[in-house]
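For reference, the structure is listed below as C-alpha coordinates.
The values are calculated or read from the model by the stated rules, or taken from the named source; none is laboratory data. Note that the structure is a prediction, hence the values are computed from the model and not measured. Positions of Cβ are generated from backbone atoms using ideal geometry, with glycine treated the same way; all protein chains shown enter the neighbour counts.
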Amino acid sequence: MTAQPNSVEARDISYHMHSYTNARRHEEIGPLVIEKGDGIYVEDASGKRYIEAMAGLWSVAVGFSEQRLVDAATRQMKQLPFYHNFTHKSHAPVIDLAEKLVSIAPVPMSKVFFTNSGSEANDTAMKMIWYRSNALGQPQKKKIISRKRGYHGVTIASASLTGLPNNHISFDLPIANVIHTGTPHHYRDAQPGESEEAFATRLADELEQLILAEGPDTIAAFIGEPVMGAGGVVVPPATYWEKIQAVLAKYDILLVADEVICGFGRTGSMFGCETFGIRPDILVMSKQLSSSYLPISALLINDRVYQPLADESNRIGTFGHGYTAGGHPVPAAVALENLRIIEENDLVGNAKRVGAHMQKRLRELADHELVGEVRGVGLIAGVELVADKATRAPWKNAGALGLLVNGHLQENGVISRNMGDTLGFCPPLIITESQVDDMVAAVKKALDASL
Ligand code: PLP
(Lines give C-alpha, C1' and ligand atoms only; values in the text may rest on other atoms or scores of the structure.)
Protein backbone atom coordinates (compact mmCIF):
# COMPACT_ATOMS: atom_id res chain seq x y z
CA MET A 1 0.00 0.00 0.00
CA THR A 2 1.24 3.51 -0.75
CA ALA A 3 -0.39 5.86 1.70
CA GLN A 4 -1.60 9.17 0.24
CA PRO A 5 -0.20 12.24 2.04
CA ASN A 6 -2.43 13.25 4.95
CA SER A 7 -4.62 10.17 4.49
CA VAL A 8 -5.73 8.34 7.60
CA GLU A 9 -3.18 5.63 6.71
CA ALA A 10 -0.34 8.16 6.39
CA ARG A 11 -1.26 9.72 9.73
CA ASP A 12 -1.31 6.29 11.33
CA ILE A 13 2.22 5.66 10.05
CA SER A 14 3.35 9.10 11.26
CA TYR A 15 1.98 9.02 14.79
CA HIS A 16 0.93 5.56 15.91
CA MET A 17 3.23 2.82 17.17
CA HIS A 18 1.32 -0.45 16.97
CA SER A 19 1.11 -3.37 19.38
CA TYR A 20 2.49 -6.69 18.13
CA THR A 21 3.73 -5.24 14.85
CA ASN A 22 7.01 -5.10 12.97
CA ALA A 23 7.41 -1.31 13.19
CA ARG A 24 9.65 -0.92 10.13
CA ARG A 25 7.34 -3.06 8.00
CA HIS A 26 4.40 -0.99 9.17
CA GLU A 27 6.12 2.15 7.87
CA GLU A 28 6.05 0.45 4.44
CA ILE A 29 2.63 -1.18 4.31
CA GLY A 30 0.53 0.95 6.69
CA PRO A 31 -2.61 -0.07 8.56
CA LEU A 32 -5.92 -1.71 7.78
CA VAL A 33 -8.21 0.95 9.24
CA ILE A 34 -11.50 -0.48 10.50
CA GLU A 35 -14.34 2.01 10.73
CA LYS A 36 -17.43 0.18 11.88
CA GLY A 37 -18.90 -3.08 13.02
CA ASP A 38 -22.11 -4.98 12.34
CA GLY A 39 -22.75 -8.41 13.89
CA ILE A 40 -19.86 -10.70 12.95
CA TYR A 41 -18.67 -8.21 10.31
CA VAL A 42 -16.41 -5.16 10.34
CA GLU A 43 -15.94 -2.63 7.57
CA ASP A 44 -12.78 -0.79 6.56
CA ALA A 45 -12.36 2.83 5.52
CA SER A 46 -12.98 1.96 1.85
CA GLY A 47 -16.30 0.26 2.67
CA LYS A 48 -14.98 -3.30 2.28
CA ARG A 49 -16.71 -5.79 4.62
CA TYR A 50 -14.93 -8.62 6.45
CA ILE A 51 -16.07 -11.56 8.54
CA GLU A 52 -14.18 -10.94 11.78
CA ALA A 53 -13.15 -14.56 12.23
CA MET A 54 -11.10 -13.73 15.35
CA ALA A 55 -13.87 -11.79 17.14
CA GLY A 56 -11.33 -8.94 17.30
CA LEU A 57 -8.78 -10.48 19.63
CA TRP A 58 -10.69 -13.65 20.62
CA SER A 59 -13.08 -11.43 22.46
CA VAL A 60 -16.24 -9.97 20.92
CA ALA A 61 -18.71 -12.71 21.92
CA VAL A 62 -21.90 -10.82 21.10
CA GLY A 63 -20.73 -9.28 17.82
CA PHE A 64 -19.78 -5.73 16.91
CA SER A 65 -23.15 -3.95 17.12
CA GLU A 66 -24.89 -4.93 20.35
CA GLN A 67 -27.06 -1.97 21.33
CA ARG A 68 -27.79 -3.39 24.80
CA LEU A 69 -24.13 -2.98 25.75
CA VAL A 70 -24.12 0.60 24.49
CA ASP A 71 -27.23 1.28 26.56
CA ALA A 72 -25.78 -0.39 29.67
CA ALA A 73 -22.66 1.77 29.40
CA THR A 74 -24.71 4.93 28.84
CA ARG A 75 -27.00 4.24 31.80
CA GLN A 76 -24.03 3.61 34.10
CA MET A 77 -22.13 6.67 32.82
CA LYS A 78 -25.13 8.83 33.70
CA GLN A 79 -25.69 7.20 37.09
CA LEU A 80 -22.08 6.99 38.33
CA PRO A 81 -19.31 7.33 35.74
CA PHE A 82 -16.51 6.32 38.08
CA TYR A 83 -15.95 4.99 41.49
CA HIS A 84 -13.37 2.68 42.98
CA ASN A 85 -13.08 -0.16 45.49
CA PHE A 86 -10.08 0.95 47.56
CA THR A 87 -10.36 1.13 51.36
CA HIS A 88 -13.83 -0.38 51.78
CA LYS A 89 -15.60 1.62 49.01
CA SER A 90 -17.96 -0.18 46.69
CA HIS A 91 -20.84 0.25 44.25
CA ALA A 92 -23.64 -1.89 42.84
CA PRO A 93 -22.12 -2.90 39.45
CA VAL A 94 -19.06 -4.61 40.97
CA ILE A 95 -21.09 -6.20 43.75
CA ASP A 96 -23.63 -7.56 41.26
CA LEU A 97 -20.92 -8.75 38.88
CA ALA A 98 -18.87 -10.41 41.64
CA GLU A 99 -21.96 -12.25 42.89
CA LYS A 100 -22.84 -13.34 39.36
CA LEU A 101 -19.32 -14.63 38.63
CA VAL A 102 -19.19 -16.62 41.86
CA SER A 103 -22.60 -18.11 41.00
CA ILE A 104 -21.52 -19.33 37.54
CA ALA A 105 -18.01 -20.45 38.53
CA PRO A 106 -17.21 -23.99 37.39
CA VAL A 107 -15.94 -24.95 40.88
CA PRO A 108 -16.71 -23.45 44.31
CA MET A 109 -15.11 -20.01 44.46
CA SER A 110 -15.08 -17.51 47.24
CA LYS A 111 -14.22 -13.99 45.98
CA VAL A 112 -13.68 -11.92 42.84
CA PHE A 113 -10.83 -9.41 42.39
CA PHE A 114 -11.19 -6.95 39.49
CA THR A 115 -8.44 -5.79 37.13
CA ASN A 116 -8.38 -4.22 33.64
CA SER A 117 -6.60 -6.63 31.29
CA GLY A 118 -5.60 -10.25 31.07
CA SER A 119 -1.99 -9.28 31.71
CA GLU A 120 -2.85 -7.38 34.87
CA ALA A 121 -5.00 -10.24 36.06
CA ASN A 122 -2.17 -12.76 35.65
CA ASP A 123 0.28 -10.35 37.24
CA THR A 124 -2.16 -10.09 40.14
CA ALA A 125 -2.46 -13.88 40.32
CA MET A 126 1.31 -14.13 40.65
CA LYS A 127 1.42 -11.50 43.38
CA MET A 128 -1.42 -13.20 45.25
CA ILE A 129 0.42 -16.51 45.07
CA TRP A 130 3.61 -15.00 46.49
CA TYR A 131 1.69 -13.12 49.22
CA ARG A 132 -0.09 -16.35 50.13
CA SER A 133 3.16 -18.30 50.44
CA ASN A 134 4.52 -15.61 52.75
CA ALA A 135 1.28 -15.67 54.72
CA LEU A 136 1.62 -19.42 55.20
CA GLY A 137 5.22 -19.09 56.40
CA GLN A 138 6.57 -20.69 53.21
CA PRO A 139 8.75 -17.91 51.78
CA GLN A 140 10.69 -20.42 49.66
CA LYS A 141 7.47 -21.48 47.83
CA LYS A 142 7.51 -18.91 45.02
CA LYS A 143 8.16 -20.63 41.70
CA ILE A 144 5.41 -20.75 39.11
CA ILE A 145 5.36 -23.31 36.35
CA SER A 146 3.99 -22.21 33.03
CA ARG A 147 4.15 -23.86 29.61
CA LYS A 148 6.09 -23.26 26.43
CA ARG A 149 3.70 -21.68 23.91
CA GLY A 150 1.40 -20.59 26.75
CA TYR A 151 0.17 -16.99 26.53
CA HIS A 152 -0.54 -15.02 29.68
CA GLY A 153 0.13 -11.42 28.74
CA VAL A 154 2.86 -8.82 28.45
CA THR A 155 3.53 -7.16 31.80
CA ILE A 156 6.90 -8.06 33.27
CA ALA A 157 5.44 -10.90 35.30
CA SER A 158 2.78 -12.11 32.84
CA ALA A 159 5.19 -11.91 29.86
CA SER A 160 7.51 -14.09 31.91
CA LEU A 161 4.70 -16.61 32.32
CA THR A 162 4.10 -16.46 28.57
CA GLY A 163 6.15 -19.13 26.85
CA LEU A 164 6.73 -17.51 23.45
CA PRO A 165 10.14 -16.24 22.29
CA ASN A 166 8.97 -12.82 21.01
CA ASN A 167 7.73 -11.95 24.47
CA HIS A 168 11.15 -12.62 26.02
CA ILE A 169 13.84 -11.81 23.46
CA SER A 170 15.30 -8.31 23.92
CA PHE A 171 13.02 -7.65 26.89
CA ASP A 172 15.44 -9.43 29.26
CA LEU A 173 12.70 -11.84 30.32
CA PRO A 174 11.63 -14.14 31.90
CA ILE A 175 12.15 -13.02 35.48
CA ALA A 176 13.34 -15.42 38.16
CA ASN A 177 10.83 -17.81 39.74
CA VAL A 178 9.11 -18.63 36.44
CA ILE A 179 9.87 -21.96 34.79
CA HIS A 180 8.41 -23.49 31.66
CA THR A 181 7.38 -27.04 30.97
CA GLY A 182 6.17 -28.89 27.85
CA THR A 183 3.22 -28.11 25.60
CA PRO A 184 0.38 -30.58 24.96
CA HIS A 185 0.80 -30.13 21.21
CA HIS A 186 0.47 -33.69 19.92
CA TYR A 187 0.91 -32.83 16.22
CA ARG A 188 4.23 -31.04 16.81
CA ASP A 189 5.67 -32.51 19.98
CA ALA A 190 4.62 -36.17 20.22
CA GLN A 191 7.21 -38.80 19.43
CA PRO A 192 6.69 -40.89 16.29
CA GLY A 193 3.83 -43.32 16.89
CA GLU A 194 3.08 -41.95 20.37
CA SER A 195 -0.66 -42.04 21.19
CA GLU A 196 -2.37 -38.97 22.67
CA GLU A 197 -2.76 -40.89 25.92
CA ALA A 198 0.92 -41.84 26.09
CA PHE A 199 1.89 -38.28 25.18
CA ALA A 200 -0.25 -36.88 28.02
CA THR A 201 1.34 -39.36 30.44
CA ARG A 202 4.80 -38.30 29.30
CA LEU A 203 4.01 -34.61 29.82
CA ALA A 204 2.70 -35.29 33.32
CA ASP A 205 5.86 -37.31 34.08
CA GLU A 206 8.03 -34.49 32.77
CA LEU A 207 6.17 -32.06 35.00
CA GLU A 208 6.76 -34.28 38.02
CA GLN A 209 10.46 -34.60 37.20
CA LEU A 210 10.73 -30.82 36.92
CA ILE A 211 9.02 -30.37 40.30
CA LEU A 212 11.35 -32.90 41.92
CA ALA A 213 14.44 -31.32 40.33
CA GLU A 214 13.46 -27.82 41.49
CA GLY A 215 12.35 -29.00 44.94
CA PRO A 216 8.61 -29.53 45.53
CA ASP A 217 8.49 -27.08 48.44
CA THR A 218 9.70 -24.27 46.12
CA ILE A 219 6.83 -24.63 43.63
CA ALA A 220 3.79 -22.49 44.40
CA ALA A 221 1.59 -22.78 41.32
CA PHE A 222 1.03 -24.03 37.80
CA ILE A 223 -0.71 -21.84 35.22
CA GLY A 224 -2.30 -22.89 31.93
CA GLU A 225 -4.99 -22.07 29.41
CA PRO A 226 -7.57 -24.87 29.02
CA VAL A 227 -6.95 -24.55 25.25
CA MET A 228 -3.87 -22.55 24.29
CA GLY A 229 -4.83 -19.65 22.05
CA ALA A 230 -1.99 -17.41 20.94
CA GLY A 231 0.46 -20.33 21.07
CA GLY A 232 -1.35 -21.75 18.02
CA VAL A 233 -4.73 -23.07 19.28
CA VAL A 234 -3.37 -26.13 21.04
CA VAL A 235 -6.11 -28.49 22.21
CA PRO A 236 -4.72 -30.89 24.82
CA PRO A 237 -5.23 -34.67 24.68
CA ALA A 238 -8.42 -35.77 26.50
CA THR A 239 -6.68 -36.99 29.68
CA TYR A 240 -3.95 -34.32 29.84
CA TRP A 241 -5.56 -32.09 32.45
CA GLU A 242 -6.54 -35.00 34.69
CA LYS A 243 -2.95 -36.25 34.70
CA ILE A 244 -1.47 -32.79 35.31
CA GLN A 245 -3.87 -32.14 38.19
CA ALA A 246 -2.92 -35.44 39.84
CA VAL A 247 0.74 -34.30 39.90
CA LEU A 248 -0.14 -30.84 41.25
CA ALA A 249 -2.28 -32.33 44.01
CA LYS A 250 0.55 -34.65 45.06
CA TYR A 251 2.88 -31.70 45.74
CA ASP A 252 0.36 -29.17 47.09
CA ILE A 253 0.68 -26.85 44.09
CA LEU A 254 -2.02 -24.31 43.24
CA LEU A 255 -3.62 -24.35 39.81
CA VAL A 256 -4.39 -21.16 37.90
CA ALA A 257 -6.70 -21.55 34.90
CA ASP A 258 -6.18 -18.74 32.44
CA GLU A 259 -9.66 -18.54 30.89
CA VAL A 260 -9.00 -15.19 29.19
CA ILE A 261 -9.87 -16.76 25.81
CA CYS A 262 -11.84 -19.88 26.80
CA GLY A 263 -14.15 -18.23 29.34
CA PHE A 264 -17.81 -17.51 28.58
CA GLY A 265 -18.70 -20.13 26.04
CA ARG A 266 -15.80 -20.32 23.64
CA THR A 267 -15.22 -24.09 23.96
CA GLY A 268 -18.94 -24.96 24.06
CA SER A 269 -19.25 -24.79 27.89
CA MET A 270 -19.43 -21.64 29.99
CA PHE A 271 -15.78 -22.21 30.99
CA GLY A 272 -12.98 -24.21 29.41
CA CYS A 273 -12.55 -25.75 32.87
CA GLU A 274 -15.89 -27.53 32.38
CA THR A 275 -14.94 -28.80 28.92
CA PHE A 276 -11.70 -30.30 30.26
CA GLY A 277 -12.54 -31.14 33.90
CA ILE A 278 -10.16 -28.54 35.36
CA ARG A 279 -10.55 -27.59 39.04
CA PRO A 280 -8.58 -24.35 39.50
CA ASP A 281 -7.81 -22.40 42.67
CA ILE A 282 -7.63 -19.17 40.68
CA LEU A 283 -9.61 -18.59 37.49
CA VAL A 284 -8.53 -15.63 35.37
CA MET A 285 -10.97 -14.05 32.92
CA SER A 286 -11.22 -11.06 30.58
CA LYS A 287 -12.06 -10.53 26.87
CA GLN A 288 -15.51 -12.18 26.47
CA LEU A 289 -16.40 -11.05 30.01
CA SER A 290 -17.43 -7.72 28.49
CA SER A 291 -17.15 -8.79 24.84
CA SER A 292 -14.23 -6.31 25.00
CA TYR A 293 -16.62 -3.36 24.58
CA LEU A 294 -14.78 -1.95 27.58
CA PRO A 295 -11.62 -3.22 29.32
CA ILE A 296 -12.21 -5.42 32.34
CA SER A 297 -10.68 -8.58 33.76
CA ALA A 298 -11.13 -10.50 36.97
CA LEU A 299 -9.79 -13.29 39.14
CA LEU A 300 -12.05 -15.78 40.85
CA ILE A 301 -10.24 -17.17 43.89
CA ASN A 302 -11.20 -20.00 46.21
CA ASP A 303 -10.86 -20.11 49.98
CA ARG A 304 -7.52 -21.85 49.77
CA VAL A 305 -6.23 -18.62 48.26
CA TYR A 306 -8.49 -16.03 49.86
CA GLN A 307 -8.19 -17.01 53.53
CA PRO A 308 -4.39 -16.68 53.80
CA LEU A 309 -4.52 -13.37 51.87
CA ALA A 310 -7.12 -12.04 54.27
CA ASP A 311 -5.03 -13.11 57.28
CA GLU A 312 -1.87 -11.56 55.88
CA SER A 313 -3.61 -8.27 55.00
CA ASN A 314 -4.85 -8.15 58.58
CA ARG A 315 -1.34 -8.72 59.92
CA ILE A 316 0.21 -6.04 57.65
CA GLY A 317 -2.75 -3.67 57.81
CA THR A 318 -3.73 -3.74 54.13
CA PHE A 319 -3.65 -5.86 50.99
CA GLY A 320 -1.39 -3.41 49.14
CA HIS A 321 -2.54 -4.11 45.61
CA GLY A 322 -5.21 -2.70 43.30
CA TYR A 323 -5.71 -0.53 40.23
CA THR A 324 -7.51 2.82 39.98
CA ALA A 325 -9.85 1.38 37.34
CA GLY A 326 -10.01 -2.16 38.75
CA GLY A 327 -13.69 -2.54 39.52
CA HIS A 328 -14.70 0.45 37.38
CA PRO A 329 -18.51 0.68 37.38
CA VAL A 330 -18.98 1.20 33.62
CA PRO A 331 -17.16 -1.91 32.33
CA ALA A 332 -18.71 -3.85 35.22
CA ALA A 333 -22.22 -2.79 34.12
CA VAL A 334 -21.36 -3.71 30.52
CA ALA A 335 -20.00 -7.10 31.62
CA LEU A 336 -23.20 -7.86 33.56
CA GLU A 337 -25.36 -6.99 30.56
CA ASN A 338 -23.05 -9.02 28.32
CA LEU A 339 -23.49 -12.07 30.58
CA ARG A 340 -27.28 -11.60 30.46
CA ILE A 341 -27.14 -11.55 26.64
CA ILE A 342 -24.96 -14.68 26.59
CA GLU A 343 -27.44 -16.48 28.87
CA GLU A 344 -30.70 -15.22 27.32
CA ASN A 345 -29.58 -16.10 23.79
CA ASP A 346 -27.92 -19.36 24.83
CA LEU A 347 -24.69 -18.32 23.13
CA VAL A 348 -22.88 -21.12 24.97
CA GLY A 349 -25.25 -23.60 23.31
CA ASN A 350 -24.70 -21.81 20.01
CA ALA A 351 -20.94 -22.16 20.43
CA LYS A 352 -21.45 -25.88 20.94
CA ARG A 353 -23.85 -26.38 17.99
CA VAL A 354 -22.33 -24.00 15.45
CA GLY A 355 -18.91 -24.85 16.82
CA ALA A 356 -19.45 -28.51 15.88
CA HIS A 357 -20.38 -27.36 12.38
CA MET A 358 -17.29 -25.12 12.17
CA GLN A 359 -15.02 -27.95 13.33
CA LYS A 360 -16.52 -30.30 10.74
CA ARG A 361 -16.31 -27.80 7.88
CA LEU A 362 -12.73 -26.74 8.69
CA ARG A 363 -11.65 -30.39 8.89
CA GLU A 364 -12.73 -30.78 5.27
CA LEU A 365 -9.67 -28.65 4.50
CA ALA A 366 -7.34 -31.20 6.13
CA ASP A 367 -6.74 -32.85 2.74
CA HIS A 368 -5.50 -29.63 1.18
CA GLU A 369 -1.86 -29.73 0.15
CA LEU A 370 -0.93 -26.86 2.47
CA VAL A 371 -2.78 -28.06 5.57
CA GLY A 372 -0.93 -30.10 8.17
CA GLU A 373 -3.57 -30.27 10.87
CA VAL A 374 -6.96 -28.80 11.73
CA ARG A 375 -7.76 -28.76 15.44
CA GLY A 376 -10.16 -27.06 17.79
CA VAL A 377 -13.19 -27.36 20.05
CA GLY A 378 -16.40 -25.32 20.12
CA LEU A 379 -15.90 -22.01 18.32
CA ILE A 380 -12.11 -21.96 18.46
CA ALA A 381 -9.94 -23.63 15.84
CA GLY A 382 -6.46 -23.62 14.38
CA VAL A 383 -5.46 -24.60 10.85
CA GLU A 384 -1.75 -25.42 10.85
CA LEU A 385 -0.11 -24.90 7.47
CA VAL A 386 2.88 -26.86 6.19
CA ALA A 387 4.85 -26.83 2.96
CA ASP A 388 5.35 -30.59 3.17
CA LYS A 389 2.64 -32.76 4.72
CA ALA A 390 4.98 -35.74 5.24
CA THR A 391 7.82 -33.93 7.03
CA ARG A 392 5.55 -31.18 8.45
CA ALA A 393 8.22 -28.71 7.38
CA PRO A 394 7.39 -25.02 6.97
CA TRP A 395 7.71 -23.11 3.70
CA LYS A 396 10.82 -20.88 3.44
CA ASN A 397 10.97 -19.76 7.06
CA ALA A 398 8.49 -20.46 9.85
CA GLY A 399 5.48 -18.16 9.64
CA ALA A 400 5.94 -17.23 5.95
CA LEU A 401 3.13 -19.49 4.76
CA GLY A 402 0.82 -18.31 7.53
CA LEU A 403 1.43 -14.72 6.47
CA LEU A 404 0.83 -15.51 2.81
CA VAL A 405 -2.45 -17.40 3.31
CA ASN A 406 -3.66 -14.86 5.84
CA GLY A 407 -3.02 -12.08 3.30
CA HIS A 408 -5.14 -13.88 0.69
CA LEU A 409 -7.81 -14.50 3.30
CA GLN A 410 -8.02 -10.81 4.07
CA GLU A 411 -8.34 -10.05 0.34
CA ASN A 412 -11.24 -12.56 0.33
CA GLY A 413 -13.02 -10.69 3.11
CA VAL A 414 -12.09 -12.69 6.23
CA ILE A 415 -9.93 -11.45 9.08
CA SER A 416 -8.01 -14.27 10.74
CA ARG A 417 -4.72 -14.20 12.65
CA ASN A 418 -1.65 -16.21 11.81
CA MET A 419 0.27 -17.43 14.80
CA GLY A 420 3.33 -18.50 12.92
CA ASP A 421 1.95 -21.00 10.44
CA THR A 422 -1.30 -21.61 12.29
CA LEU A 423 -4.36 -19.63 11.25
CA GLY A 424 -6.73 -18.93 14.13
CA PHE A 425 -10.52 -19.03 13.87
CA CYS A 426 -12.43 -17.72 16.84
CA PRO A 427 -15.51 -15.90 15.54
CA PRO A 428 -18.15 -14.12 17.63
CA LEU A 429 -20.40 -16.61 19.45
CA ILE A 430 -23.41 -15.29 17.51
CA ILE A 431 -22.12 -16.70 14.21
CA THR A 432 -24.55 -18.89 12.20
CA GLU A 433 -23.84 -22.08 10.26
CA SER A 434 -24.23 -20.32 6.90
CA GLN A 435 -21.78 -17.61 7.98
CA VAL A 436 -19.34 -20.38 8.96
CA ASP A 437 -19.80 -21.80 5.45
CA ASP A 438 -18.94 -18.40 3.94
CA MET A 439 -15.84 -18.23 6.13
CA VAL A 440 -14.67 -21.74 5.22
CA ALA A 441 -15.22 -21.06 1.49
CA ALA A 442 -12.95 -18.02 1.78
CA VAL A 443 -10.30 -20.07 3.59
CA LYS A 444 -10.38 -22.68 0.82
CA LYS A 445 -9.99 -19.95 -1.81
CA ALA A 446 -7.06 -18.41 0.08
CA LEU A 447 -5.34 -21.80 0.36
CA ASP A 448 -5.74 -22.42 -3.35
CA ALA A 449 -4.39 -18.96 -4.16
CA SER A 450 -1.30 -19.73 -2.07
CA LEU A 451 -0.28 -22.89 -3.94
N1 PLP B 1 -4.19 -14.68 28.83
C2 PLP B 1 -4.59 -15.19 27.67
C3 PLP B 1 -4.96 -16.64 27.58
C4 PLP B 1 -4.69 -14.37 26.53
O5 PLP B 1 -5.06 -14.88 25.36
C6 PLP B 1 -4.36 -13.00 26.67
C7 PLP B 1 -4.47 -12.10 25.50
O8 PLP B 1 -4.63 -12.52 24.38
C9 PLP B 1 -3.92 -12.54 27.90
C10 PLP B 1 -3.86 -13.40 28.97
C11 PLP B 1 -3.50 -11.11 28.06
O12 PLP B 1 -4.60 -10.29 28.01
P13 PLP B 1 -4.43 -8.71 27.70
O14 PLP B 1 -4.01 -8.60 26.27
O15 PLP B 1 -5.80 -8.18 27.97
O16 PLP B 1 -3.42 -8.19 28.65
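Points worth noting:
- Scanning segment 41-79 for residues that are farther than 25 Å from Asp12 by Cβ and assigned to a loop (DSSP other than H, G, I, E, B) gives Ala61, Val62, Gly63, Glu66.
- Check on Asn397, modelled with pLDDT under 95 and not assigned by TED's automatic domain parsing to the domain that holds Trp130: yes
- Every residue from segment 291-303 that is within 11 Å of the ligand (Cβ to nearest atom), out of contact with any strand residue (DSSP E or B) (no Cβ under 6 Å at 6 or more places or on another chain) and of a type in the set (Ser, Thr, Tyr): Ser292
- Among (1) in contact with an Asp or Glu (Cβ under 8 Å, 6 or more places away or on another chain); (2) within 24 Å of Asn412 (Cα to Cα); (3) not basic (Lys, Arg) - the single one Glu28 does not satisfy: (1)
- Failed item in (1) out of contact with any Leu (no Cβ under 6 Å at 6 or more places or on another chain); (2) small (Gly, Ala, Ser); (3) over 27 Å from Gly372 (Cα atoms), with Gly193 passing the rest: (3)
- Search result, residues across segment 12-33 that are under 24 Å from Gly382 (Cα atoms) and without any contact (Cβ under 8 Å) to a residue 40 or more places away in the chain: Ser19, Tyr20, Thr21, Asn22
- Pro93 vs. criteria surrounded by fewer than 17 Cβ atoms within 10 Å (Cβ to Cβ), more than 14 Å from Ala221 (Cα to Cα) and in contact (Cβ under 8 Å) with a residue 60 or more places away in the chain: no
- Selected residue (only one of Ser19, Ser14, Ser59 is modelled with pLDDT of 95 or more, of a type in the set (Gly, Ala, Ser), under 22 Å from the mean Cα position of the chain (by Cα) and exposed (fewer than 12 other Cβ atoms within 10 Å of the Cβ)): Ser19
- Within segment 73-88, the set of residues being among the β-branched types (Val, Ile, Thr) and closer than 12 Å to Ala333 by Cα comprises just one member, Thr74.
- Considered as a group, the residues in segment 235-267 that are buried (at least 21 other Cβ atoms within 10 Å of the Cβ) and aromatic (Phe, Trp, Tyr) include one that is nearest to Gly277 (Cα to Cα), and that residue is Trp241.
- Pairing residues of segment 426-445 that are farther than 14 Å from Lys360 by Cβ with residues that are of a type in the set (S, T, N, Q), at Cβ distances under 6 Å and at least 6 apart in sequence or on separate chains, gives Leu429/Asn350; Ala442/Asn412; Lys445/Asn412.
- Residue list for segment 397-409, filter: within 25 Å of Gly47 (Cβ to Cβ) and either of a type in the set (Ser, Thr, Tyr) or surrounded by fewer than 17 Cβ atoms within 10 Å (Cβ to Cβ) (or both): Gly407
- Within segment 182-229, considering residues that are of a type in the set (Phe, Trp, Tyr) and under 22 Å from the mean Cα position of the chain (by Cα), the one nearest to the ligand (Cβ to nearest atom): Phe222
- In segment 225-245, the residues that are in the same structural domain as Cys262 (by TED's automatic domain parsing) and among the aliphatic types (A, V, I, L, M) form Cβ pairs under 6 Å with partners that are near the ligand (Cβ under 9 Å from one of its atoms) and outside any loop (DSSP other than H, G, I, E, B), at six or more places apart or across chains, as follows: Val234/Met228.
- The residues of segment 132-162 that are more than 13 Å from the ligand (Cβ to nearest atom), farther than 25 Å from Asp189 by Cβ and aliphatic (A, V, I, L, M), listed by number, are Ala135, Leu136.
- Residue within segment 426-438 that is in contact with an Asp or Glu (Cβ under 6 Å, 6 or more places away or on another chain) and either crowded, with 17+ Cβ neighbours inside 10 Å or not hydrophobic (A, V, I, L, M, F, W, C) (or both) present: no
- Scanning segment 103-127 for residues that are in a loop (DSSP other than H, G, I, E, B) and within 15 Å of the ligand (Cβ to nearest atom) returns Asn116, Ser117.
- Test result for Pro31, outside any loop (DSSP other than H, G, I, E, B), surrounded by 13 or more Cβ atoms within 10 Å (Cβ to Cβ) and out of contact with any strand residue (DSSP E or B) (no Cβ under 9 Å at 6 or more places or on another chain): no
- If the condition is being farther than 20 Å from Trp58 by Cβ and of a type in the set (S, T, N, Q), then segment 400-443 contributes Asn412, Ser434.
- Residue check, Gly268 away from the ligand (no atom under 16 Å from the Cβ) and touching an Asp or Glu at 6+ places or on another chain (Cβ under 7 Å): no
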